[in-house]
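Undergrad: Here's a structure for you.
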Amino acid sequence: MNISVVGSINIDLVYRVPHIVKEGETLHSTSHSIHYGGKGANQAVTACQLGANVYFIGKVGKDAFGEQAKENLANKGVNTAAVEEEGITGQAIIQVSNSGENSIVLFPGANFLVTPEQVDRESDVIRTSDVLLCQLEIPLECIEKAIRIAAESETVIILNPAPTKEIPDSLLKKVSILTPNETELFQLTGFETSSEEKLMEACKFLLDKGVGTIIVTLGSKGAFYMNNEENGWVKAAKVDVVDTTGAGDAFNGALAVAICRGDSLQDAVKNAAEAAAYVVTEMGAQPVFPKSFRVV
C-alpha cells in the first residue's frame with residue numbers, strides 16, 4: 001500500500017483556553033504545549049501508523065523546528081527523502097477550548113516555498129503510488145502539478161480541500177475523491193447544507209464538474225458519501241472530546257489506507273470515521289493509534 005502525500009508540515013503551538021477568544025478580548029491560557037502538525041504531515045502519520053508505505057513531498061525550514069518536524073516524520077515511518085529545507089518552518093497557533101473546539105491561525109512558512117519543480121522531481125514516485133493524498137496548505141500550482149502527474153497513471157487522487165481555495169474545474173475533474181467538511185462544501189458550491197436534500201444537491205454540483213466521489217465530513221453527525229452509483233451515511237462514534245485538532249486529517253489518512261486495501265466505499269468511510277473519532281479523544285493532531293486500528 002503505497003501513498004504519496006504532497007502537503008504541509010507545521011509545528012503546532014497549542015493553548016488551552018476556557019473558550020475561543022473573541023475580538024478585542026484578552027484571555028489567559030491554562031496550559032501550553034507544542035505538537036507536530038500540518039495537514040499533510042498529520043495525514044501522512046495516520047496512514048503510516050495504519051500500515052501504509054508513505055512518501056512525503058514538502059518543505060520544512062532551515063531551523064530547529066524544521067529538524068524536529070522532519071525527524072518526527074521519519075521516526076513515525078514516513079519516507080522524508082523529498083522533504084526539502086528552506087526558510088522558516090510553518091507554524092499553527094491553536095486555541096483549544098474546554099469543550100474541545102479549536103481555532104487556528106496558520107503561518108505557512110516553508111510550506112509556501114514548495115514549487116511545482118520540486119513536485120515534478122518526484123513524478124516517478126507519484127505515478128507508482130496507489131493513492132496520491134493532497135490538501136491545500138501549499139501553493140495550488142504544486143497540487144495541480146501532483147494531480148496532473150497522478151492522473152496520467154491509475155493512481156487514486158484524494159483531495160482534502162482545506163483550507164478552501166478556488167479550485168478550477170479542470171482540476172476537479174481529475175479528482176477521484178474530494179473530502180470537504182460542511183463549511184468547505186458550502187464555500188466550494190455556494191449551496192446550503194441544512195438538510196439531506198440540500199447536501200445531496202451540493203454534492204451533485206461537484207459530481208457534475210467531474211469529481212468521482214464526494215465524502216463530506218460532518219463532525220458529530222458523521223460523514224456522507226456520494227457518487228453517481230451510490231450514496232449513504234456513516235454515523236460518528238460517541239466519544240469524550242478532548243481536542244478536535246487533526247480529526248479531519250486522521251479521516252483522510254485512514255481513508256487513503258482503506259482505499260489502498262480495496263475496501264468498499266462505505267467500509268472505507270467507516271474506517272476513516274473511526275480514526276477521526278479516536279483522534280478527538282487525545283491532545284494534538286498526531287496521537288499514537290492502538291494496534292487495533294491497523295487496517296492491513
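Undergrad: Looking at (1) farther than 30 Å from R16 by Cβ; (2) among the aromatic types (F, W, Y); (3) surrounded by fewer than 19 Cβ atoms within 10 Å (Cβ to Cβ), which is the one condition that is false for F224?
TA: Evaluating F224 over (1) farther than 30 Å from R16 by Cβ; (2) among the aromatic types (F, W, Y); (3) surrounded by fewer than 19 Cβ atoms within 10 Å (Cβ to Cβ) leaves (3) as the failure.
Undergrad: Let me ask something else. Tell me yes or no: at least one residue of the stretch 36-50 is in contact with a strand residue (DSSP E or B) (Cβ under 7 Å, 6 or more places away or on another chain) and among the charged types (D, E, K, R).
TA: Checked the stretch 36-50: no residue is in contact with a strand residue (DSSP E or B) (Cβ under 7 Å, 6 or more places away or on another chain) and among the charged types (D, E, K, R).
Undergrad: Identify all residues within the stretch 146-175 that are of a type in the set (K, R) and either buried (at least 22 other Cβ atoms within 10 Å of the Cβ) or within 12 Å of R127 (Cα to Cα) (or both); write none if there are none.
TA: Result: R148, single match.
Undergrad: List the strands (runs of 3 or more DSSP E) inside the stretch 178-296, counting only whole elements, that have at least 1 residues being without any contact (Cβ under 8 Å) to a residue 12 or more places away in the chain.
TA: Qualifying strands (runs of 3 or more DSSP E): 231-234.
Undergrad: Here's a follow-up. Restricting attention to the stretch 212-238, and to residues there that are of a type outside the set (K, R) and touching a Gly at 6+ places or on another chain (Cβ under 7 Å), which single residue is nearest to P161 (Cα to Cα)?
TA: Residues of the stretch 212-238 that are of a type outside the set (K, R), as a first pass: 212-220, 222-234, 236-237.
Of the ones still in play, those that are also touching a Gly at 6+ places or on another chain (Cβ under 7 Å) are 217, 225, 227, 233-234, 236.
Details: T217: 12, Y225: 15, N227: 17, W233: 20, V234: 20, A236: 21 Å.
Selected residue: T217.
Undergrad: For the stretch 176-191, enumerate the residues that are acidic (D, E) and either surrounded by fewer than 19 Cβ atoms within 10 Å (Cβ to Cβ) or over 11 Å from A162 (Cβ atoms) (or both).
TA: E182
Undergrad: If you take the residues in the stretch 167-177 that are out of contact with any helix residue (DSSP H, G or I) (no Cβ under 6 Å at 6 or more places or on another chain) and not in a loop (DSSP other than H, G, I, E, B), which one is farthest from K221 (Cα to Cα)? Spell out how you get there, then give the answer.
TA: The first filter runs over the stretch 167-177 and keeps only residues out of contact with any helix residue (DSSP H, G or I) (no Cβ under 6 Å at 6 or more places or on another chain), leaving 167-170, 172-173, 175-177.
Then keep just the ones that are not in a loop (DSSP other than H, G, I, E, B); that gives 169-170, 172, 177.
On the way: D169: 29, S170: 31, L172: 26, I177: 20 Å.
Applying the filter and picking the extreme gives S170.
Undergrad: Separate question: Here is a check on your reading of the model: is L113 surrounded by fewer than 24 Cβ atoms within 10 Å (Cβ to Cβ) and over 30 Å from E274 (Cβ atoms)?
TA: Numbers: surrounded by fewer than 24 Cβ atoms within 10 Å (Cβ to Cβ): yes; over 30 Å from E274 (Cβ atoms): yes.
Yes: the conditions hold for L113.
Undergrad: Got a sec? Which of A247, A275 is small (G, A, S) and touching a Phe, Trp or Tyr at 6+ places or on another chain (Cβ under 8 Å)?
TA: The match here is A275.
Undergrad: Give just the number: which of (1) at pLDDT below 95; (2) of a type outside the set (A, V, I, L, M, F, W, C); (3) over 23 Å from P161 (Cβ atoms) does N53 not satisfy?
TA: (1)
Undergrad: Can you confirm whether the stretch 36-44 contains a residue that is of a type outside the set (A, V, I, L, M, F, W, C), outside any loop (DSSP other than H, G, I, E, B) and more than 16 Å from the chain's Cα centre (by Cα)?
TA: no
Undergrad: Can you pull out every residue in the stretch 83-103 that is of a type in the set (V, I, T), surrounded by fewer than 17 Cβ atoms within 10 Å (Cβ to Cβ) and more than 12 Å from N10 (Cα to Cα)?
TA: Selection gives nothing.
Undergrad: Working carefully through the options A44, A69, find the one that is closer than 16 Å to V131 by Cβ and crowded, with 18+ Cβ neighbours inside 10 Å.
TA: On the way: A69 fails: closer than 16 Å to V131 by Cβ.
Testing whether each residue is closer than 16 Å to V131 by Cβ and crowded, with 18+ Cβ neighbours inside 10 Å leaves just A44.
Undergrad: Also, I was wondering about something else. Against the condition of a type outside the set (K, R), closer than 25 Å to E141 by Cβ and at pLDDT 95 or above, how does Q68 come out, does it pass? Outline the logic, then answer.
TA: Numbers: of a type outside the set (K, R): yes; closer than 25 Å to E141 by Cβ: no; at pLDDT 95 or above: yes.
When the stated conditions are applied, Q68 does not pass them.
Undergrad: With the structure loaded, tell me whether N228 is among the polar types (S, T, N, Q) and closer than 13 Å to T217 by Cβ or whether it fails that test.
TA: Details: among the polar types (S, T, N, Q): yes; closer than 13 Å to T217 by Cβ: no.
The answer is no for N228.
Undergrad: Could you list all residues from the stretch 36-58 that are of a type outside the set (A, V, I, L, M, F, W, C) and under 15 Å from L106 (Cβ atoms)? Break it down into steps so the answer makes sense when it comes.
TA: Narrowing the stretch 36-58 to residues of a type outside the set (A, V, I, L, M, F, W, C): 36-40, 42-43, 46, 49, 51, 53, 55, 58.
Scanning the stretch 36-58 gives Y36, G37, G38, K39, G40, N42, G58.
Undergrad: Cβ-Cβ under 6 Å, sequence separation 6+ or interchain: first residue in the stretch 136-149 and under 14 Å from S176 (Cα atoms) and free of Cβ contacts under 8 Å to residues at least 60 places away in the same chain, partner in a helix (DSSP H, G or I) and of a type in the set (S, T, Y). Which pairs?
TA: From the stretch 136-149, the pairs are I149/S123.
Undergrad: Moving on to the next point. Identify the single condition in (1) closer than 26 Å to I11 by Cα; (2) more than 16 Å from the chain's Cα centre (by Cα); (3) in contact (Cβ under 8 Å) with a residue 24 or more places away in the chain that N111 does not satisfy, given that it satisfies every other one.
TA: (2)
The values are calculated or read from the model by the stated rules, or taken from the named source; none is laboratory data. None of the values given here were measured: they were computed from a predicted structure. When we count neighbours, we look across all protein chains shown, and the Cβ atoms used for this are built from the backbone with ideal geometry, even at glycine.
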